[in-house]
Amino acid sequence: DGAIQRGDRATAEPLLRRALEIHPTYHYAYLHLARLALLDGKPQAAADAAAASLAAVPAPNPHAHLLAARALLRLGRAADAEPHARRAASDLGAADATAHDTLAEALAASTRWPEAAAAFAAAVATEGSAERLDNLGAALLRAGRRGEARDAFERALVLDPRDERARRGA
């Protein structure tokens, strides 16, 4: 774990693979391999590692669901990502804004704007930021809720007055 914590991928990956040779169902190794693959821009490898983690520990395994959703989104497979993102958001609850962001991204990719807005709102409620408020505003705007979208963009500008996206209104 020390190599992983330091971000030393060259050391971490062989150690993780060796751990799996010793203990093939060690799902934490698969989780770390999925994270590394996402960081390296290898979404298919990340999806495969997340699936292996889910096979080793089907439930509860919210972080594997979250990594699977992120990888599938990068592969352009929003419909496949959504159930994983929904499970991660449900299992992690209000404590994890990233899970709600991921669910919102999957819903937005499927142009399900009212549901995406609700998921972005959950992310904002957990951990507000100008970027999250921008995303909420954009989803609300696409859902036809202009007044609420304006409010979200204005709140984003309060947090980051340099935020050009909020200034433009999406």
task = Kindly provide log₁₀ I(q)/I(0) values, in the same order as q = 0.15, 0.18, 0.21 Å⁻¹, from the Debye equation applied to equal alpha-carbon scatterers of region 72-170.
result = -0.54, -0.76, -0.97
query = Carbon and sulfur together cover what percent of the accessible area of region 3-83 at a 1.4 Å probe radius?
reply = 57
query = Given springs between every Cα pair under 10 Å in a Gaussian network model of the chain, which of Gly128, Gly147, Gly93 has the largest fluctuation?
reply = Gly147
request  = Could you give me the radius of gyration and the Dmax of region 20-113, taking only the C-alpha atoms into account and expressing both in angstrom?
outcome  = 12.6, 46
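Please give the net charge around Asp40, taking every other residue with its beta carbon less than 11 angstrom from that of Asp40, where Lys and Arg add +1 and Asp and Glu add -1. Kindly include the intermediate steps, with their values, before the conclusion.
Values: positive: Arg9, Arg35, Lys42; negative: Glu13.
So the surrounding residues net to +2.
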inquiry  = Can you compute log10 of I(q)/I(0) for the chain with the Debye formula, treating each Cα as one identical point scatterer, at q = 0.08, 0.21 Å⁻¹?
reply    = -0.28, -1.22
query = Which angle from 0 to 90°, rounded to the nearest 10, does the C-alpha axis of helix 27-39 make with the longest principal axis of the chain?
reply = 50
request  = Kindly sort Ser110, Ser90 by accessible area of their heavy atoms, largest first, with the probe set to 1.4 Å.
outcome  = Ser90, Ser110
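Within 13 Å, Cβ to Cβ, of Ala10, how many net charges do the neighbouring residues add up to if Lys/Arg are +1 and Asp/Glu are -1?
Values: positive: Arg6, Arg9, Arg17; negative: Asp8, Glu13, Asp40.
Net of charged neighbours comes to 0.
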query = Around Ala89, with a cut-off of 15 angstrom between Cβ atoms, what is the net charge of the other residues, counting Lys and Arg +1 and Asp and Glu -1?
reply = -2
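Measure off, as a whole percent, the carbon and sulfur share of the 1.4 Å-probe accessible area of region 87-170, all protein chains present. Walk me through the intermediate numbers first.
Working: 2040 of 4240 Å².
After summing per-atom areas, the C and S share lands at 48 percent.
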remark   = The simple spin-label model distance between Asp151 and Ala3, using points 7 Å out along Cα→Cβ, in nm, is 5.1
message = Can you give me the angle between helix 113-126 and the longest principal axis of the chain, using Cα atoms only, in degrees from 0 to 90, rounded to the nearest 10?
response = 80
query = Helix 78-92 versus the longest principal axis of the chain: what is the Cα-based angle in degrees, 0 to 90, to the nearest 10?
reply = 90
Solvent-accessible surface ranking, highest first, for Val57, Val158, Val124 at 1.4 angstrom = Val158, Val57, Val124
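At 1.4 Å probe size, with every protein chain present, just tell me what the per residue accessible area of the chain comes to in Å².
Details: 8830 Å² over 170 residues.
Spelled out: the 1.4 Å probe surface of the chain, per residue, equals 52 Å².
The values are calculated or read from the model by the stated rules, or taken from the named source; none is laboratory data. Nothing here was measured: the structure is a model prediction, and the numbers come from that model. Cβ atoms come from the backbone with ideal geometry, glycine included; neighbour counts cover every protein chain shown. Side chains included, ligands, DNA and RNA excluded: accessible areas come from the protein's heavy atoms. Shrake-Rupley method; radii C 1.70, N 1.55, O 1.52, S 1.80 Å.
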